[in-house]
1. Step by step: first the residues of segment 26-80, then only those that are among the hydroxyl-bearing types (Ser, Thr, Tyr) and out of contact with any Pro (no Cβ under 8 Å at 6 or more places or on another chain), then the one that is modelled with the lowest pLDDT. Which residue is that?
2. Please go through segment 73-95 and pick out each residue that is of a type outside the set (Gly, Ala, Ser) and closer than 19 Å to Val43 by Cα.
3. Is it fair to say Arg66 is within 14 Å of Gln19 (Cα to Cα), in the same structural domain as Pro23 (by TED's automatic domain parsing) and among the basic types (Lys, Arg)?
4. Which ones in segment 1-51 are farther than 19 Å from Arg95 by Cβ, outside the structural domain of Tyr69 (by TED's automatic domain parsing) and among the hydrophobic types (A, V, I, L, M, F, W, C)?
5. Does segment 19-34 hold any residues that are closer than 21 Å to His79 by Cβ and either among the small types (Gly, Ala, Ser) or surrounded by 14 or more Cβ atoms within 10 Å (Cβ to Cβ) (or both), and which are they?
6. Please specify each residue of segment 76-98 satisfying the condition of being exposed (fewer than 13 other Cβ atoms within 10 Å of the Cβ) and over 14 Å from Trp17 (Cβ atoms).
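The values are calculated or read from the model by the stated rules, or taken from the named source; none is laboratory data. Quick caveat: nothing in here was measured; it's all calculated off a predicted structure. Here Cβ is always computed from backbone atoms with ideal geometry, including for glycine, and neighbour counts include all displayed protein chains.
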Amino acid sequence: MTQDCRQCGKCCEKWGWDQKGIPEDLVPWITGNRQDILSHVLVRYSDGSSRTAAGLAQTDLPRIDRIYYWVEPDGKKRHSCPFYEQRDDGRVYCRIHDTKPAVCIGFAPWASVWHDYGLNCPACRDTTP
């Protein structure tokens with residue numbers, strides 16, 4: 001079951017950072033030269049080294065062991081999503097909505113795994129899945 005998101009931003013505030021990524025997320029960012037996104041991604045290689053994904057090439061993908069969202073361009077961990085934007089209309093917008101990572105696309109606060117969080121989601125309060 002799905003709910004209608006009210007764009008309150010609570011999901012992004014609580015879960016929009018410190019997430020693990022998948023290599024498939026990086027492909028459109030690399031091919032689209034989205035350095036604005038890649039500079040906020042930390043990759044750990046199979047040899048144990050880490051760096052931001054800025055300048056990453058598709059040929060680097062097989063060597064990646066882990067992908068972390070989101071970091072500062074200097075590699076320091078962020079405690080918020082850098083693409084979260086609250087506008088004057090009171091709603092929250094994703095500045096990379098058209099190409100956001102799978103972990104964001106797949107997040108559903110009404111899913112039973114997030115039951116503790118769903119209680120705080122305005123879209124979930126009135127309806128139980």
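1. Checked segment 26-80; the qualifying residue modelled with the lowest pLDDT is Ser80.
2. Hits for segment 73-95 are Pro73, Asp74, Lys76, Lys77, Arg78, His79, Cys81, Pro82, Phe83.
3. Judged against the criteria, Arg66 is a match.
4. Met1
5. Gln19, Gly21, Asp25 - these are the residues of segment 19-34 that are closer than 21 Å to His79 by Cβ and either among the small types (Gly, Ala, Ser) or surrounded by 14 or more Cβ atoms within 10 Å (Cβ to Cβ) (or both).
6. Residues satisfying the conditions are Arg87, Asp88, Asp89, Gly90, His97, Asp98.
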